[in-house]
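The values are calculated or read from the model by the stated rules, or taken from the named source; none is laboratory data. These numbers were taken from a predicted model, which means no experiment stands behind them. Using ideal geometry, Cβ is built from the backbone for each residue, glycine included, and neighbour counts are taken over all protein chains shown. Protein only, heavy atoms only, side chains kept; ligands, DNA and RNA dropped before computing areas. Shrake-Rupley method; radii C 1.70, N 1.55, O 1.52, S 1.80 Å.
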Amino acid sequence: MTALKKLFKRLRANSRVPVAVLSVILVAVGFTLLAQEAARETDARKSPEMLQFEKEPDAWLSNQRNVSELIKSVDAGQVATVALANGHPGLVLYTLKNGAKASVAVPGCTVLGCAGTALDKLAERGAAQGFALVGVDVDPRTKSQHLLDLLGTIVSPLIIIATMGIGFFVLMRLQTGAGGSASTLSERPEIKFDDAIGNDEAKAALNRVKAFMTDPSSYVKLGAAAPRGVLLVGPPGTGKTLLAKALAGESKANFIAVDGSYFTATFYGAGVAKVKALFKLARKNAPCVLFIDEVDGIGKRSRGNEGGGAESEMNRIINRVLVEMDGFEAMDNVVVVAATNHENNIDEAMRRPGRFDMLVRLAKPTLPERAKLFDLYLNKVTSDGSADTAALARMTPGLTPADIANIVNKAASSAAEKGAATVTSDHVLRAIETQLLGGEISPVKDLLTEGTRVRLAYHEAGHAMIGHWTGAGLVERVTIEPRGQALGVTYMTRDTEDPLYKQNELVSRLAMMLGGREAELLVLDSVSSGASDDLKRASELAIEMVGSLGFSETFGLLSVGGIPKELLGPDIQAAVLREARVLLEQAQATCRTLLTAQRARLDAMAQALLTCEVLQGAELKEMLGEVGRVPLPELAPIGRDQALALAFTRRV
Ligand code: ADP
């Protein structure tokens, strides 16, 4: 009863429903009346014989005979009427003059005649024997068969429609995330701020959010505005997800993570429904950190009416996110943390107070932080402790924590592949090389001739020696194993991340860049195409030193970059090039002096590289010699024997 009452109430509340039902009934009645009228008109055009057959076909169909009986009756002139069924080939009904009714199956008979069958020339026979030949609309199926077929015809499209409907419904649910968002929820992550190395400023900001989340009532009491949205900005892999999770861990809150593309849906409106479902889930699981990664995916609104439906859908999604955030009560205890690498793509409306108004920037790790990251991740694998994490940190400027985690993971995987018991420094260094040079040892290695290997060994040894002895940096590792585009590499690092380079440092770098080519020239009397990149970089640096860094005698304090274009004539250009060339030649002279003086050391190092392909750590240091012990350039050459002895102390 109550259900009926409810239904009436609803119908009264929504006047469109009865109008729709009434329209459907009227259409159905109209259709039935029309069908009846059409049948009546058709019947009026038919002969009485035809109507006889059609009204009660069962009288004929229930008396099945064979063809020979019909032929006999035809020949005996006993047949009064023969009817051929329309739409049912092979069905023939007939009435005898004595009133008997029967049917017969004659394959090949159609309503057009029975040519080529036992009843050939039926029309002619009819004329001769005086029986009528008619075409009739008779259905040979029984009533129940007919009903079954009818049901089949009606039900099969219904089944198809229902299947499509269910499919559509399931897809909609998937799209709106109504069924799937629980999978994005993780309860109270264990991660803490201390699990993230560095980013102290970000942690301090997030600590303020933590204070609110752990005790929102104290904020409410004082009438303070609760934080609702935090925008984490930083390059990929700098720990945005990690810190958002740590915020949840520290605040003993639940954590929901999605990314911007989660909201983009195939069906119009489904994205907005997803936003609603997600915020509902977050409120239900409060205290909760709702993390939206790559929020720039939805963060930029289109203006005016440019763009199509997809953009307006995007606007609706952003609006919905903002409406949900505006509706937060302090006691809801839900904080939305959004992450992006493209701050400029975030709509201004999203940055207003009460929305994503707390901006936290994350940076790539500094030198000491990278060393800590290597310590952290090497502690998580079975390492033999041989890695010098400070050196690893020096070798990886610009890498993110995620890169470092990946390097250690790669090192551990390759140790496992090689069946090693522990992860060694060599595994990590090789993983770094793969990461920095973009590839494993290249197949070019097998194509190198012995002559080329010797050249490569002297080239890299030249870079290393000059870099070391001029103080351009710390030589960490020298290798002649080709990887990516490089045939050999000398890893040179600085022990600080000071963004400024002093004059002598730049001069040394210039010499270091030329050291490889000069070693080739000194030992092999010729140079190779392998030095082209060194020359290019050295020329760029020399021009920069003359043109903008104040190393020029001609220009003094004048920076070529600051001279207006109209004053930059060919003589200024020629002067810059001339002076840059002088700088390069001075660097070349330094290389020659040093390499000639240290020829034996150079030979030893090249020899060691040819034998072992990689030099690093203590052996490398020993081979390079101790800077500062001997004043440059009167560096005392070591004896050839001594150098060769050094070369072979390295294990092969
Ligand atoms: P983002 O969200 O900025 O792209 P993630 O938080 O997903 O970066 O970081 C990827 C992985 O890198 C983390 O799972 C973690 O292993 C490591 N990682 C990132 N930042 C740090 C950090 N500050 N300290 C330690 N590990 C980190």
Go through (1) modelled with pLDDT under 80; (2) within 16 Å of the ligand (Cβ to nearest atom) and name the single condition G167 misses. (2)
If G116 satisfies all but one of (1) surrounded by 14 or more Cβ atoms within 10 Å (Cβ to Cβ); (2) on the phi > 0 side of the Ramachandran plot; (3) not acidic (D, E), what's the number of the condition it fails? (1)
Counting only residues in segment 194-204 that are open to solvent by 10 Å² or more (accessible area, probe 1.4 Å) and closer than 12 Å to V360 by Cα, the one farthest from the ligand (Cβ to nearest atom) is identified as A204
Matching residues in segment 420-442 - criterion: being aliphatic (A, V, I, L, M), outside any helix (DSSP H, G or I) and in contact (Cβ under 8 Å) with a residue 12 or more places away in the chain: A421, V423, I441
Only residues in segment 244-263 that are over 19 Å from V360 (Cα atoms) and part of a helix (DSSP H, G or I) count as the first member; pair them with residues that are within 15 Å of the ligand (Cβ to nearest atom) and at pLDDT below 90, Cβ under 6 angstrom, at least 6 apart or cross-chain, and list the lot. S261/G297
Starting from segment 579-607, keep only residues that are in the same structural domain as A511 (by TED's automatic domain parsing), then list their pairs with residues that are of a type in the set (S, T, Y) whose Cβ atoms are within a distance under 8 Å, requiring at least 6 positions of separation or different chains. E579/S552; E579/T554; A580/S539; L584/S539; T590/T470; L594/T470; L602/Y458; A606/Y458
When N345 is run through (1) buried (at least 17 other Cβ atoms within 10 Å of the Cβ); (2) more than 14 Å from the ligand (Cβ to nearest atom); (3) of a type outside the set (G, A, S), the failure sits at (1)
Being within 22 Å of K240 (Cβ to Cβ) and basic (K, R) is the filter here; which residues of segment 371-406 pass it? K372, K380
Just to be sure, is T396 touching a Leu at 6+ places or on another chain (Cβ under 8 Å) and hydroxyl-bearing (S, T, Y)? yes
Residue check, A277 open to solvent by 10 Å² or more (accessible area, probe 1.4 Å), assigned to a helix (DSSP H, G or I), over 13 Å from D347 (Cα atoms) and at pLDDT 70 or above: yes
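Against the definition (in contact (Cβ under 8 Å) with a residue 12 or more places away in the chain, in the same structural domain as N315 (by TED's automatic domain parsing), open to solvent by 10 Å² or more (accessible area, probe 1.4 Å) and among the charged types (D, E, K, R)), how does D357 come out, yes or no?
yes
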Going by the conditions given, is K221 modelled with pLDDT under 90, over 23 Å from H342 (Cα atoms) and not hydrophobic (A, V, I, L, M, F, W, C)? yes
Just to be sure I understand, how many residues within segment 509-556 are surrounded by 17 or more Cβ atoms within 10 Å (Cβ to Cβ), among the aliphatic types (A, V, I, L, M), within 16 Å of H463 (Cα to Cα) and in contact with a Phe, Trp or Tyr (Cβ under 8 Å, 6 or more places away or on another chain)? 2
How many residues are at pLDDT below 85, open to solvent by 100 Å² or more (accessible area, probe 1.4 Å) and either closer than 17 Å to V92 by Cβ or not in a helix (DSSP H, G or I) (or both) when one looks only at segment 21-71? 3
So which strands (runs of 3 or more DSSP E) stay within segment 286-397 end to end and still have 1 or more residues that are at pLDDT 80 or above, closer than 25 Å to V230 by Cβ and of a type in the set (K, R)? 358-361
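Given the structure, is D388 away from the ligand (no atom under 16 Å from the Cβ), under 21 Å from A618 (Cα atoms) and in contact with a Gly (Cβ under 8 Å, 6 or more places away or on another chain)?
yes
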Name the residue that is nearest to the ligand (Cβ to nearest atom), counting only residues in segment 364-380 that are free of Cβ contacts under 8 Å to residues at least 40 places away in the same chain and either small (G, A, S) or over 18 Å from G234 (Cβ atoms) (or both). Y377
Are there any pairs with C-beta distances below 6 angstrom linking a residue in segment 527-554 that is of a type in the set (S, T, N, Q) to a residue that is open to solvent by 60 Å² or more (accessible area, probe 1.4 Å), with the two at least 6 apart or on different chains, and if so which? S548/G561
Hey, any hits in segment 82-104 for a residue that's at positive phi and without any contact (Cβ under 8 Å) to a residue 40 or more places away in the chain? yes
Looking at S383, is it farther than 25 Å from G488 by Cβ, buried (at least 19 other Cβ atoms within 10 Å of the Cβ) and more than 16 Å from the ligand (Cβ to nearest atom)? yes
Could you go through segment 116-129 and let me know if any residue there is in a strand (DSSP E or B) and at pLDDT below 85. no
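Name the residues in segment 311-342 that are within 16 Å of the ligand (Cβ to nearest atom) and of a type in the set (A, V, I, L, M, F, W, C), would you?
V336, V337, A338, A339
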I need every pair where a residue in segment 394-411 that is not assigned by TED's automatic domain parsing to the domain that holds D375 has its Cβ under 9 Å from the Cβ of a residue that is of a type in the set (F, W, Y), sequence separation at least 6 or different chains. none
Report, by residue number, each residue of segment 184-237 that is basic (K, R) and either more than 34 Å from the chain's Cα centre (by Cα) or not in a helix (DSSP H, G or I) (or both). R188, K192, K221, R228
Select, from K418, K410, the only residue that is closer than 23 Å to I480 by Cβ, away from the ligand (no atom under 16 Å from the Cβ) and surrounded by fewer than 18 Cβ atoms within 10 Å (Cβ to Cβ). K418
